[in-house]
1. If r is the Cβ-Cβ distance from ASN3 to ASP111 and R0 is 25 Å, what FRET efficiency results, to the nearest 0.05?
2. Quick check: with the 1.4 Å probe, what order do THR82, THR91 take by accessible area, largest first?
3. What's the local net charge at ASN172, with K and R +1, D and E -1, over the other residues with C-beta under 15 Å away?
4. Amide H of ASN113 versus every other amide H placed in the peptide plane: which residues, excluding those fewer than 5 positions away on the same chain, fall under 5 Å?
5. Name the long-range amide H neighbours of GLY61: under 5 Å, sequence gap of 5 or more, or other chain; modelled H, no Pro or chain starts.
6. I want the local charge near PHE100. Using Cβ-Cβ distances under 11 Å, sum +1 for each Lys or Arg and -1 for each Asp or Glu among the other residues.
7. Excluding ILE7 itself, what net charge comes from residues whose Cβ is under 14 Å from its Cβ, given Lys and Arg +1 and Asp and Glu -1?
8. Distance cut-off 18 Å, Cα to Cα: go down the list LYS43/LYS101; LYS44/LYS139; LYS60/LYS103; LYS103/LYS139; LYS19/LYS60 and report the pairs above it.
Amino acid sequence: CQNLRDIDVHPLLVDVAQKDFLEGRGDVNLDISTQGQLVSVLKKSLDGSAKVALHDGAYKGINLAKSLRDIQSKVGLKKNETQSADKGEKTDFSELSASFKIKNGVAHNDDLNGKSPFVRVTGGGDVDIGNSQVNYVVKAILVNTATGQGGKELKQLRDLAVPVRIFGPFDNIRYDLEWSQLSSEALKGILQPKLEEKKKELQEKAREEVKGQLKDQLKGLFR
């Protein structure tokens with residue numbers, strides 16, 4: 001059992017797991033055991049538990065605030081959007097905590113809780129350490145509509161939870177933004193401003209056409 005206090009997790013992950021996907025400081029509690037002589041066997045034999053509580057860091061690979069910014073154009077198609085991890089993107093957090101139950105090399109979590117000034121995240125799923133792959137669903141919630149990380153005002157997104165599935169092998173993680181999982185009421189609320197804008201555009205076009213017709217008729221009277 002190891003209790004690490006106020007450590008920088010970034011160099012630890014890079015040195016131990018050769019992975020560069022998380023930044024932040026905090027506490028890491030490990031109570032794990034394994035057996036075997038090969039590294040592959042050791043990974044698949046991992047059992048126990050782990051808990052992390054970090055602050056002032058970032059998850060690398062995706063910028064959730066930036067991805068949510070384009071939701072109006074995405075939900076109208078009712079299609080999911082899959083994207084590969086981008087090392088140039090990241091989601092900042094002020095707090096991030098999670099606990100894991102580990103059995104036969106698979107770490108299961110269902111209490112992810114992350115906070116930033118603009119986005120809250122919860123989630124759950126499996127990290128298969130033995131087979132170096134992940135299958136996890138994060139629910140991203142925009143809580144501040146002021147201009148911040150990623151962009152512009154998004155009043156219609158406030159408090160809306162968008163599922164983001166994280167899946168694939170560790171060296172090729174992908175993100176599936178599951179717009180199609182949003183409820184019809186949620187979609188209606190998101191698309192309403194866009195529909196109103198289109199309605200005004202059509203009304204203005206109709207007025208211009210009527211003006212043009214009246215002008216032509218008046219010209220005909222004075223010929």
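1. That gives a FRET efficiency of 0.85.
2. On the way: THR82 65, THR91 20 Å².
Ranked from most to least accessible, the order is THR82, THR91.
3. Summing Lys and Arg as +1 and Asp and Glu as -1 gives 0.
4. SER97
5. Placed amide hydrogens put ASP86, GLU89, LYS90, THR91 under 5 Å from GLY61.
6. Local net charge: -1.
7. Net charge in that neighbourhood comes out at -3.
8. Violating the 18 Å Cα-Cα cut-off are LYS44/LYS139; LYS60/LYS103; LYS103/LYS139.
The values are calculated or read from the model by the stated rules, or taken from the named source; none is laboratory data. It should be emphasised that the depicted structure is a prediction, and the values quoted were computed from it without experimental measurement. Because the Cβ atoms are built from the backbone with ideal geometry, glycine has one as well, and the counts that use them run over all protein chains shown. Ligands, DNA and RNA are stripped out before the accessible areas are found, and what is left, the full protein with its side chains, is counted by its heavy atoms. Shrake-Rupley method; radii C 1.70, N 1.55, O 1.52, S 1.80 Å.
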